[in-house]
Each structure stands twice: as structure tokens, then as C-alpha cells.
Amino acid sequence: MSWNLSRKTGVLAAGYLIILGILAMDLVFTVLEIQKVADRVNQAVLRDVQTVETINLDIQRVLTEYYSYIQTGDPDEYVESTEILENLEGLVKDLHSSTSAYSDFHETIVQKHALLMNQTEAVVRSVQRLHAQLPSTPHTLTDGQKEAFYEELETIEEQREAFAQRAHEYFDNVSTVARQYIAQDVTLTFAGVALALAAMVAFTAGAFWLIDRRVVRPLRQMTDAANMLAEGRLDGQLAVTSNDEIGILQQTFNRMTATIQQQTSDLETHYRQIREARDALEATHRQTVEQLAVIQKQQEAIRELSVPVLPVSRDTLVMPLVGVLDSMRLIQVQEQALERITATRARRLLLDITGVPIVDSHVAQGLIHVVQAARLLGTDVTLIGIRPEVAQSIVGSGIDLRHIRTCSDLQSALTQKGERS
């Protein structure tokens, strides 16, 4: 009887060990499969984080190039922005190619990735539309047209910031869903093992103590650890109680927990790096805006210095003009002259055009307008420095300067002033 009981116990124990081995292998394979999926998703997330970060940086760069191009009209900046735009199109294709990595993982991630793709393409299309609208010669733009471009740049910048924020939220969501997915699968696997062991305990009452000590307790510990893992507490480690299948399972669980800890730490590190990169980009943008404001003020100062009005006596001003006089500079000449005449109440203005290389009909008419406007304010204007070739050009153009006082040089004009005094 004792032998039969021992034999039955041995048979039950053998059946128990066989079933336990099967369950342990299934658990190991399940954990390994989860590990493979987690590794694949982790690699895809890392690639996507780098790609999105590069897209964000390139959009920031191309917007800066557009702003500078509208300001300066430098064709090299237009070429560089075109190259950046081509690189952006390649990055969008790279982001498209990572979709397959999430297809077997979770439907929520696939949907979120598709939404990220739509947002990425939307902001890139906005940049492409703005690129297509850029003129080949920005100097021809009116102030209103430039202001429209600046508003469009600000709109795209806001769209880029919103895209960066949504990308951060997306990667946070990927991390959360990944942990939930792994925890759910591990919990379900361990729950199945626990149910199978409970059934075996019911049919093998004679081996209850052995089963309880060698299987149930370790599995209970693993179930608790799995629950901790599902709750997001990743600091739990199982004590390896044996060198059999249960010990292997415990070791595998510990390795899986360590891997999840490392992946979570890596995701948090990448998120922090992305946030720091975003802060750096925003700081760079602010510096760029401040530098452009300084440049604009310097350009205004340069424009004022390009048409100086110098007092030589209490009632006499000298305006030496140097360089080509286009329509814009002629307007500045008139504005500066009238402003200084009004401020100083000067009675005489010496307009020196010795340094003007070309005086055609357009320039001559502009100078006549300055003379006429000054006369309306009660100021006598003397035109100085008309060279022979300039005189021939004016005469050939049929422009009448008989009512305008002229002098060959500034010294003669000042001498005449002294004689009149």
C-alpha cells in the first residue's frame, strides 16, 4: 500500500514536474517574445525621437534662414534653406518607415504614430508653401508684404512649437503604453501559471507541501512582483530560490525587470534631452530676434549717417552727398535737409554733390525738389560740385538750373557767404 502510494505520488510528482517544465518554458518564451517586442519598439522610439528632434531643429533653422533672407536678400541663404527643406522631406520619409515597427505592438501606438505623421507633414507643408512664396529678389517687397511674411513665419513657429509639444506627449504615451502592455502580458502569463498550479494542488493533495514550498510560494512572489511592475514600481527584485525551472524563471523575470528599468530610464533621459534641446532652441530664437533688432537699429543709424547735415555757421548748413543717389536716398536727403532746416532755422543750405558719381535726369529732378522744398521754408540752397561731365548731362537732359545758385567747390561757396556778410 505504501509502495503504491509512493508510486502514485511519484507519478503525480513526475506529471507535476512535466507540466511545470512546460509552463516554465512557455513563460520563458513569452518573456523572451515580450523582450523582443519591447526591444523593437524601443529602437523604433529612439529613432523617432532623433528624427523628430532633427525635424524640429531643421524647421527652426529654415525659418531663421527665411527671416534673414527677407531682411538681407542674400541668395546663399535661399539656397541653404532649399537644402534644409530637401533634408526635411527625407526625414519625413524616415518617420514614415518606422510605422511597421509598431504594427504588431499596440493599436493605440499605431494611431498615435499616424497622428504624429499627420502633424509632421502639416508643419512641413506649411514651410514648403512659404518657400514657394518667397520672391527671387526680396528687396522689391513692400513693407506690407514683408510684414505678411513675418506673420506667416510667426504662425509656422507657433505650429512648430505645438508640434514639438505633441511629439513630447506622444513619446510619453508610447512609454506608458509599453509599460502597460508588458505588465499586462506578464501578469496574464503569471496568472495562467498560478491557475495551473492551483489545479495541480487540488489533484495532488499528497504533494501539496512540496508544491507549496517549491512552486506556489515562488510564483506568488513573482505575481506580487508582476503587480508591482504593473503599478510602475520597477525596483522589485526576486530572490532566486532554486536552480530548476522556477529559478530560471526568477532569473528571467529579474533580467526582464532590469531591462524595463533600463528602457524606462533611457526614455526619461531622451525626453529630458529633447526638452533641453527645445529650451535651447527657444533661447537661440530669442537671441536671434534680439540680434535682428540690433541690426535693424544699426541699419537705421547707417541710413541717417549716409545723408549727414553739418552746421558750418549759425545760419549755414552743409550736406555732403557721397555715392549713388537712388529714389530712396533722394527721399532721405529731402527729409534730412528739411528736418535740420526746421530744427536750426538755417538761412542757407550748401548741397555738395561732388561725391555723387552719376547725376542723371532723375537725380537732378530729385535735387530740384530738395531746393524747392527748402525755399518754401525760407532757406537759400547752393548746389556745389557740378563736374563738367555732369553739367553736360544736365544740359543734354533739358533740365533748367538757372534759378538755382551753383558753386564749383565748398570753399567758394563759403567765400561767397563771407562776401555777402
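For Leu305, the criteria (1) under 24 Å from Asp409 (Cβ atoms); (2) outside any loop (DSSP other than H, G, I, E, B); (3) modelled with pLDDT of 90 or more hold in every case but one, which is (3). Taken over segment 374-394, residues that are farther than 13 Å from Ala413 by Cα, surrounded by 13 or more Cβ atoms within 10 Å (Cβ to Cβ) and under 57 Å from the mean Cα position of the chain (by Cα) amount to 8. Looking at Arg278 and the list (1) out of contact with any strand residue (DSSP E or B) (no Cβ under 9 Å at 6 or more places or on another chain); (2) surrounded by 14 or more Cβ atoms within 10 Å (Cβ to Cβ); (3) over 30 Å from Leu63 (Cα atoms), which single condition is not satisfied? Single failed check for Arg278: (3). In the condition set (1) open to solvent by 30 Å² or more (accessible area, probe 1.4 Å); (2) at pLDDT below 90, Pro320 is compliant with all but (2). Taking the criterion of being open to solvent by 20 Å² or more (accessible area, probe 1.4 Å) and either modelled with pLDDT of 85 or more or of a type in the set (Val, Ile, Thr) (or both), the residues of segment 92-117 that qualify are Thr99, Thr108, Val110.
If you check Val371 against the conditions, is it outside any helix (DSSP H, G or I), at pLDDT 85 or above, open to solvent by less than 60 Å² (accessible area, probe 1.4 Å) and of a type outside the set (Asp, Glu)? The answer is no for Val371. Considering segment 395-421, and only residues there that are more than 20 Å from Val318 (Cα to Cα) and not β-branched (Val, Ile, Thr), the residue that is surrounded by the most Cβ atoms within 10 Å (Cβ to Cβ) turns out to be Ser397. For Ile246, indicate whether it is more than 30 Å from Val363 (Cα to Cα), open to solvent by less than 30 Å² (accessible area, probe 1.4 Å) and either charged (D, E, K, R) or modelled with pLDDT under 80 (or both). Criteria met by Ile246. Within segment 54-86, the set of residues being among the charged types (D, E, K, R) and either more than 17 Å from Lys146 (Cβ to Cβ) or open to solvent by less than 10 Å² (accessible area, probe 1.4 Å) (or both) comprises Asp58, Arg61, Asp76, Glu80, Glu83, Glu86. Can you confirm whether Asp185 is open to solvent by less than 80 Å² (accessible area, probe 1.4 Å) and at pLDDT 75 or above? The answer is no for Asp185. A count restricted to segment 143-168 and to residues that are more than 16 Å from the chain's Cα centre (by Cα) and either farther than 18 Å from Leu63 by Cβ or not in a helix (DSSP H, G or I) (or both) stands at 2. Starting from segment 246-265, take each residue that is over 18 Å from Phe171 (Cα atoms) and list its partners that are in a helix (DSSP H, G or I) and open to solvent by 30 Å² or more (accessible area, probe 1.4 Å), counting only C-beta distances under 7 angstrom and pairs at least six apart or across chains. That search, which allows pairs on different chains as well, returns Ile246/Arg214; Met256/Gln35; Thr259/Gln35.
The values are calculated or read from the model by the stated rules, or taken from the named source; none is laboratory data. The structure presented is a predicted model; accordingly, all values stated were derived computationally and were not measured. Here Cβ is always computed from backbone atoms with ideal geometry, including for glycine, and neighbour counts include all displayed protein chains. Heads up: the accessible areas ignore ligands, DNA and RNA and are worked out on the full protein's heavy atoms, side chains in. Shrake-Rupley method; radii C 1.70, N 1.55, O 1.52, S 1.80 Å.
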